[in-house]
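Have a look at the structure below before the remarks.
The values are calculated or read from the model by the stated rules, or taken from the named source; none is laboratory data. The structure displayed is predicted, hence computed values, not measured ones. Counting neighbours? That spans all protein chains shown, and the Cβs are built from the backbone with ideal geometry, glycine included.
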Amino acid sequence: MSIDKSLKIRRASVRNRSVLKRTERIARLKELDRWQEGESPFGLPKVRVYKISMKKKKKSKKEEATAGAAGEAAAGAAGETAPEAKKASEAKK
């Protein structure tokens with residue numbers, strides 16, 4: 001029997017987990033130089049799990065210039081002056 005599409009978990013394997021498996025913790029400790037071969041895999045120290053967040057990309061100067069020019073052209077066609085159009089666009093934000 002299959003699961004309905006609306007009930008499936010999106011990105012189930014992609015999201016951050018707050019708990020690591022023992023092998024993942026050992027690998028992380030090796031990266032931090034806190035693990036030596038031959039140590040017991042039981043009673044491992046805690047390892048912090050960092051959340052990765054994606055930042056929004058900033059518009060390049062060229063994109064802003066074209067967007068600004070298009071906004072001024074539309075304001076000019078509507079009969080507004082440039083300062084009035086700028087105030088109206090700031091009010092929308």
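Here is a check on your reading of the model: is R34 at pLDDT 90 or above, of a type outside the set (S, T, N, Q) and in contact with a Leu (Cβ under 7 Å, 6 or more places away or on another chain)? Criteria not met by R34. Take the residues of the range 16-31 that are assigned to a loop (DSSP other than H, G, I, E, B) and either at pLDDT 90 or above or surrounded by 10 or more Cβ atoms within 10 Å (Cβ to Cβ) (or both): which is nearest to the chain's Cα centre (by Cα)? Top of the filtered list is L20.
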